[in-house]
Amino acid sequence: MDSTATSGAPGDDVELIRLLRIGDEAAFGSLVERLQPIMLRVARMYVSSRAVAEEVVQEAWLGVLQGIDRFEGRSSLRTWILRIVANIAKTRGQREGRSAPFASLAGDDLDAPSFDADRFLASGTWAGHWSTLPADWAGAPEARLTSSETLDAVRRAIDALPPMQAQVIRLRDVLGWTSEEVRNALDLTETNQRVLLHRARAKVRAALEHEMEIEASS
Amino acid sequence: MTPPSDDDLTCRELVEVITDFVEGAMSDADRARFERHLGECAGCTAVMSQFRTTIEVTGRLTEDQVSEAQRHAMREVFRRWRDDPASNGADDPI
C-alpha cells in the first residue's frame, strides 16, 4: 500500500483506510456500526422512503469500497463517506422527481428568536434586557440533567427539528464531528452551518428549560 | 451594572450570537463587546451556561443501533466487492 496517499488523513483514518484497502471485514463492520445510522438519516433527507434510503446507503458503501484506493485523505474518511451518500441520495431524489431545496431542509425559522419576546423588557433604559433572569442550571442536581426523561426530551426535540438542523446538531453534538467536517459532509457554507447549529441548540435548550420547569414544579 | 450605551449589546441580541461566539466566528471588536456584556450580566451568564449544558446533555445521546438486517445486507455488499472488486460496474461516486 502506498502510505503517502493518505498522509493528510488523521491517524485513526490511516489505519482504517489501510485495512479497508486490504479487504478487512472487521474494519468495514466497525465503520458500518459507526456511520450507518447517520448515513440513513442524510439519505432520507433527499429520497422518498426509508427503503430507498437503504438502497442509497448500500450503493454508497459499494462506492466507498471501490473508491478507497483513490481516496487521498483531503477530508476525514467519515466526511468523504457521508458526502458520497449525500451525492447518491441527491441524484436518486432527482430521479424520483423529488426536489429538496435547501430552504425546505434547513427550515423556515432560521431567523426566529431563540427566546420569546416577553423574556426581555420592551422599553426603558434597559429595553432588550432580561425581564426575569433565566434560571441558573448549575444549581440543578446532576441526576435531573441526566435522567432518562430529560434525555428523551432532548431526543424528541432533535427529531422535531427541520432535517438539516437535526443532522447538524447530531453530527456536531451527538457524534462530535468538527464544524469543518460537517460543512464538507453536508456541503454547507460556514455561515449556514453555524446558523443551523444555533437554531438547533436554541430549540434543544428551550426543550431542556421546559423539562427543568416541569421537574422543578412536580 | 452601568446603564447601557448605544454600542452595547442587549441581552436579546447577545443570545442570538452565542454560537458565533463559541464557534470563534466573531471579529475582535464583537468579541470584546460580547465579553463586556457577559461580564456584567448574570442573566446572560446563566444562558451561556445553559447552552453549555445543552451541548453536554445532547452529547449523552447515542445514535440508533444498526439493525441486524442492515448489518447483514452491508456485509453482503462487502463480500461481493471483496470477491470481485470490479463487479457492479458502479460509476465513480463523486
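The values are calculated or read from the model by the stated rules, or taken from the named source; none is laboratory data. Every value quoted in this text rests on a predicted model; they were computed, and no experiment measured them. As a convention, Cβ positions derive from the backbone with ideal geometry for all residues, glycine included, and neighbour counts pool all protein chains shown. The protein model used for the area step is the full one, side chains on, heavy atoms only, and it has no ligands, DNA or RNA in it. Shrake-Rupley method; radii C 1.70, N 1.55, O 1.52, S 1.80 Å.
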Taking the 0 to 90 degree range and rounding to the nearest ten, how far is the long axis of helix A:148-159 tilted relative to the main principal axis of chain A, both from C-alpha atoms?
70
Taking the Cα of A:Asp12, stepping 7 Å toward and past its beta carbon, and measuring to each backbone N in segment A:64-87: which are under 12 Å?
A:77-79
Folded to 0 to 90 degrees: helix B:68-83 orientation relative to chain B principal axis, Cα
60
Note: A:126-133 gets an average of partner chain Cβ contacts (10 Å, Cβ to Cβ) equal to 6
Within segment B:45-79, whose backbone N sits under 15 Å from a point 7 Å along Cα→Cβ of A:Ala138?
B:45-54
Using a Gaussian network model on chain B with a 10 Å cutoff between Cα atoms, which of B:Glu56, B:Glu40, B:Glu76 fluctuates the most?
B:Glu76
Cα axis of helix A:50-67 to longest principal axis of chain A: angle in degrees, 0 to 90, nearest 10?
50
State the answer as a single residue: which of A:Gly67, A:Leu133, A:Thr79 lies farthest towards the positive end of the charge dipole of the protein assembly as shown, with beta carbon charges of +1 for Lys and Arg and -1 for Asp and Glu, about the Cα centre.
A:Gly67
For segment B:33-44, what does the Karplus curve 6.51 cos²θ - 1.76 cosθ + 1.60, with θ = phi - 60°, yield as ³J(HN,Hα) per residue in whole Hz, taken in order and with x for Gly and Pro?
4, 4, 5, 5, 4, 4, x, 10, 10, 5, x, 5
Normalised by the empirical 2.2 N^0.38 Å for globular proteins, what value does the Cα Rg of segment A:74-139 take?
2.00
Find the sum over both chains of the accessible area lost when B and A are paired, probe 1.4 Å, and report it in Å² to the nearest 100.
5300
State which stretch of chain A is the longest one without any exposed GluC sites (Glu not before Pro), exposure meaning a DSSP loop state and at most 13 other Cβ atoms within 10 Å.
A:97-218
Expected 222 nm ellipticity per residue - DSSP helices of 4 or more, -39500 (n - 2.57), all of chain A, to 500:
-19500 deg cm²/dmol
On average, how many beta carbons from a partner chain sit within 10 Å of the beta carbon of a residue in A:83-90?
1
Residue-wise HN-Hα coupling along segment A:94-104, computed from phi with Karplus coefficients 6.51, -1.76, 1.60 (Hz; x: Gly, Pro)
5, 5, 6, x, 8, 10, 10, x, 3, 4, 6
Pop the C-beta distance of B:Arg79 and A:Asp108 into the FRET formula with R0 = 41 Å and round what comes out to the nearest 0.05.
0.35
